[in-house]
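Notes for the one structure printed next.
Every number here is computed from the coordinates shown, using simple stated rules; none is lab data. Quantities reported herein were computed from a predicted structural model and do not represent experimental measurements. Glycine gets a Cβ as well: all are built from the backbone with ideal geometry, and neighbour counts include every protein chain shown.
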Amino acid sequence: MECGHRAVLVITSQVEGTSTSVARRKVDLACGLPKGHAGAHHDAQHDEDWEGAPGTRPTVLRDEDEEG
């Protein structure tokens, strides 16, 4: 049985010529490790790790510069 702990990933990018980051996308993460695992949670589909206590839904930020 999978852990199923959840988090929210917010993908941001820098606004050119400023020191501002803006949210570009929001993704729901789900831990696919076995229930009761030790250590950080992991979503293999989005290659993200996070820490979080039971009953919480942490927010994870990832800054990605858009190219092109």
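Across region 14-20, rounded Karplus estimates of 3J(HN,Hα) from the backbone phi angles (6.51 cos²θ - 1.76 cosθ + 1.60, θ = phi - 60°) give 6, 8, 3, x, 9, 9, 9 Hz, Gly and Pro being marked x.
For region 6-63, take the convex hull of the Cα atoms, compute a quarter of its surface area, and give me that in nm², please. Walk me through the numbers on the way to the answer.
Numbers: hull surface 17.8 nm².
Computed as one quarter of the Cα hull surface, the answer is 4.4 nm².
Describe numerically, in nm with one decimal, the distance between label points set 7 Å from Cα along Cα→Cβ at Leu61 and at Val10. Going from the Leu61 label point to the Val10 one covers 0.7 nm.
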